[in-house]
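Down below is the structure, laid out as structure tokens.
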Amino acid sequence: MIRRRTFGDAGQAFPIYITVVGGLLFLAFAYLAVGQAAANRNGAQTAADAAALAAAQESRDQLAGDWLEVVGDPTKWQDILDGDTELVDGCWRAYELAAQNDADVQGCGPAEPLGYAVDVETNKSVGDSIVPGTEDFKSTASATAVIEPRCTFDLPGEGGDDGDGNDTLPLPQLKCDDTDWDPDPEDPTTLPAPEDLFDVHLADSQANDE
């Protein structure tokens, strides 16, 4: 004999169905909140990385300019390559790049041995979600970019004669990674660019939610 389902059976199943559907919806909204938070953190990290790199690149360009000013005196090259010179603070570039990435710089300063450490906070919060309080959560991130010389050289041991009876040191060859340069102040094509003289890269980065 076939047993027919009663209305009582259907009534018992309906609350279970509602509970299961409700649970699935809660999980979906929870995953959405996690995704929103992750996207905001990624945005903060992108802003921090770009800001730190921009500040370091600004100082790298200054160092390269200083090197060009003393290119005729190789005894001063090493100080420039070591960053042992007076630099204008490059943090203004960090503020520019953070703003372009919809974030605000919370702190920027020198990093050892030569570079910048930058902290940023996103202008936007995580947004409304099923998780209470996320509408007020903003993501923060930090990044450190450093400047490292690419080049080495050997000072010549003896000077030459410049034609006027003055002793001069011949300009040494610069060995920059896999490229050798023979600098001639009269020929710009023989002078390395800032990115040839110095490497700029991230040394550390970290993002958080507040």
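Return yes when residue 97 is within 30 Å of residue 174 (Cα to Cα) and modelled with pLDDT of 90 or more and no when it is not. Explain how you work it out, then say what you get.
Details: within 30 Å of residue 174 (Cα to Cα): no; modelled with pLDDT of 90 or more: yes.
Taking the combined requirement at face value, the residue does not satisfy it.
Would you be able to say whether some residue in region 24-31 is in a helix (DSSP H, G or I), over 30 Å from residue 152 (Cβ atoms) and at pLDDT 60 or above?
No: region 24-31 contains no residue that is in a helix (DSSP H, G or I), over 30 Å from residue 152 (Cβ atoms) and at pLDDT 60 or above.
Considering only residues that are among the aliphatic types (A, V, I, L, M) and out of contact with any Gly (no Cβ under 9 Å at 6 or more places or on another chain), which ones fall in region 54-68? Spell out the reasoning first.
Here is the first cut: in region 54-68, the residues among the aliphatic types (A, V, I, L, M) are 54-56, 63-64, 68.
Matches in region 54-68: 64, 68.
Here's a check for you: in region 48-59, which residue that is surrounded by 21 or more Cβ atoms within 10 Å (Cβ to Cβ) and in contact (Cβ under 8 Å) with a residue 60 or more places away in the chain is nearest to residue 121 (Cα to Cα)?
Checking each candidate, the answer is 48.
Write out, first by first residue and then by second, each pair whose Cβ atoms fall under 7 Å of each other, whose residues are 6+ apart or on separate chains, and whose first residue, in region 146-174, is of a type in the set (A, V, I, L, M) and modelled with pLDDT of 70 or more while the second is part of a strand (DSSP E or B) and surrounded by 14 or more Cβ atoms within 10 Å (Cβ to Cβ).
Correct list of pairs: 146/111; 146/115; 146/203; 147/115; 147/198; 147/200; 174/151; 174/181.
Identify, from the list 106, 45, 62, the residue that is under 13 Å from the mean Cα position of the chain (by Cα) and surrounded by 14 or more Cβ atoms within 10 Å (Cβ to Cβ).
On the way: 106 fails: under 13 Å from the mean Cα position of the chain (by Cα); 62 fails: under 13 Å from the mean Cα position of the chain (by Cα).
Of the residues listed, the single one that is under 13 Å from the mean Cα position of the chain (by Cα) and surrounded by 14 or more Cβ atoms within 10 Å (Cβ to Cβ) is 45.
Suppose we filter region 101-132 for residues that are of a type in the set (Gly, Ala, Ser), modelled with pLDDT of 95 or more and either closer than 17 Å to residue 200 by Cα or not in a strand (DSSP E or B) (or both); how many remain?
Residues in region 101-132 being of a type in the set (Gly, Ala, Ser), modelled with pLDDT of 95 or more and either closer than 17 Å to residue 200 by Cα or not in a strand (DSSP E or B) (or both): 3 in total.
Which of the residues belonging to region 74-100 are in contact (Cβ under 8 Å) with a residue 24 or more places away in the chain and in a loop (DSSP other than H, G, I, E, B)?
If the condition is that a residue be in contact (Cβ under 8 Å) with a residue 24 or more places away in the chain and in a loop (DSSP other than H, G, I, E, B), then 82, 83, 87, 88, 90 are the ones that fit.
With of a type outside the set (Phe, Trp, Tyr), loosely packed, with under 14 Cβ neighbours inside 10 Å and either part of a loop (DSSP other than H, G, I, E, B) or at pLDDT 90 or above (or both) as the only criterion, which of 199, 180 stands out?
180
The values are calculated or read from the model by the stated rules, or taken from the named source; none is laboratory data. Treat the numbers as computed from the prediction; the structure is a model and nothing was measured. Neighbour counts are summed over all protein chains in view; Cβ atoms, including those assigned to glycine, are modelled from backbone coordinates with ideal geometry.
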